[in-house]
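Working notes, beginning with the structure itself.
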Amino acid sequence: MPVFFTNKKYISYIHIPKAGGSYIENKLSKIGYGFLDNKFSENQSSAGTVHLTSSEISNILDKLNIKIDFEFTIVRNPYQKLESKYFYNYERIFKGSLIGYKSINDLKSFMTFNKYLKFSIEKTKKFREYDGNHFKPQNEFVTNQTKIFKYEDKYQKLNQELRENDINITLNYNSKNSRGIFSKLYPIKWNRETLDLVNNFYKEDFVKFDYKMI
């Protein structure tokens, strides 16, 4: 749920996939009432409401005459974000939990890293909401009203901003690798073709959020 009501603030968290968002939503849910879910009638996005953009949330809230006091998001280095998505997609394989029908399907559909990115980006070029907005460029999630913080900052600047806005949570950065034991046997190897594809498709993300291209 991307919107949270506390007794002091109406908060909108723009949840960009694979940038620590589930943890932040969990923290926000402990201080306020979560609003907008997948069954909300005003939501017209096929991606559901978890990963709605700022514009999409604003369109819904404007119809309900709800004004947001504080809107923010976390962005992440595009390379690291895509690696995280890859290991997340095949987590049952890399964590060794190969039990049941879904796990067998994971093995059947398994793609190497470079092939997976090429396939997913080409899909996203044709349909921006492909895979629940997981491959949508990050700059397309935000508007001028969105305060932007970097995942790599480890929540330091965000925690300060939350305190200044009287939002009573403290975020703790967890550096633990959750990719699974078998990921160590499968080191990521970017090829030049994939790097060029990512650099081109996410060019505005690199520029807008000041990330260095390889």
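The values are calculated or read from the model by the stated rules, or taken from the named source; none is laboratory data. The structure displayed is predicted, hence computed values, not measured ones. Cβ coordinates were reconstructed from backbone atoms using ideal geometry, including for glycine residues, and neighbour counts include every protein chain displayed.
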Margin query: Please go through the stretch 125-135 and give me each residue that is surrounded by 15 or more Cβ atoms within 10 Å (Cβ to Cβ) and touching a residue at least 60 places away in the same chain (Cβ under 8 Å), ordered by number.
Written below: Glu129, Asn133, His134
Note to self: Give all pairs with beta carbons closer than 6 Å in which a residue from the stretch 7-23 that is on the phi < 0 side of the Ramachandran plot and polar (S, T, N, Q) meets a residue that is crowded, with 22+ Cβ neighbours inside 10 Å and in a strand (DSSP E or B); count only pairs at least 6 apart in sequence or on separate chains.
What the structure shows: Ser12/Val3
Item checked: Which numbered condition Ala19 fails, given (1) part of a loop (DSSP other than H, G, I, E, B); (2) crowded, with 18+ Cβ neighbours inside 10 Å; (3) modelled with pLDDT of 85 or more; (4) out of contact with any Lys or Arg (no Cβ under 9 Å at 6 or more places or on another chain) -> (4)
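I need a count of the residues in the stretch 147-162 that are in a loop (DSSP other than H, G, I, E, B) and surrounded by 17 or more Cβ atoms within 10 Å (Cβ to Cβ). Before the answer, list the steps.
Taking the stretch 147-162 and keeping what is in a loop (DSSP other than H, G, I, E, B), we get 154-155.
If we keep only those that are surrounded by 17 or more Cβ atoms within 10 Å (Cβ to Cβ) as well, we get 155.
Qualifying residue count, the stretch 147-162: 1.
For (1) at pLDDT 90 or above; (2) surrounded by 18 or more Cβ atoms within 10 Å (Cβ to Cβ); (3) on the phi > 0 side of the Ramachandran plot, each residue gets a yes or a no:
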{"residue": "Ile68", "(1), (2), (3)": "yes, no, no"}
{"residue": "Thr73", "(1), (2), (3)": "yes, yes, no"}
{"residue": "Glu83", "(1), (2), (3)": "yes, yes, no"}
{"residue": "Lys95", "(1), (2), (3)": "no, no, no"}
{"residue": "Tyr101", "(1), (2), (3)": "no, no, no"}
{"residue": "Ile104", "(1), (2), (3)": "no, no, no"}
{"residue": "Leu107", "(1), (2), (3)": "no, no, no"}
{"residue": "Met111", "(1), (2), (3)": "yes, no, no"}
Notebook entry, point to check: Does Thr170 count as among the β-branched types (Val, Ile, Thr), in contact with a Leu (Cβ under 8 Å, 6 or more places away or on another chain) and closer than 21 Å to Ile24 by Cβ?
Noted result: yes
Next item on the list: Kindly indicate whether Glu129 is modelled with pLDDT of 95 or more, over 18 Å from Glu71 (Cβ atoms) and under 20 Å from the mean Cα position of the chain (by Cα).
Entry: no
Next item on the list: Might you check whether a residue that is part of a loop (DSSP other than H, G, I, E, B) and hydrophobic (A, V, I, L, M, F, W, C) occurs anywhere in the stretch 197-209?
Entry: yes
Check: Residues of the stretch 186-196 being among the hydrophobic types (A, V, I, L, M, F, W, C) and in a helix (DSSP H, G or I), which ones?
Finding: Leu195
Checklist line | Test: Asp131 is more than 30 Å from Ser58 (Cβ to Cβ), assigned to a helix (DSSP H, G or I) and not aliphatic (A, V, I, L, M) | finding: no
Notebook entry, point to check: Which numbered condition trips up Asp166, out of (1) in contact with a His (Cβ under 9 Å, 6 or more places away or on another chain); (2) on the phi > 0 side of the Ramachandran plot; (3) not aromatic (Phe, Trp, Tyr)?
Noted result: (1)
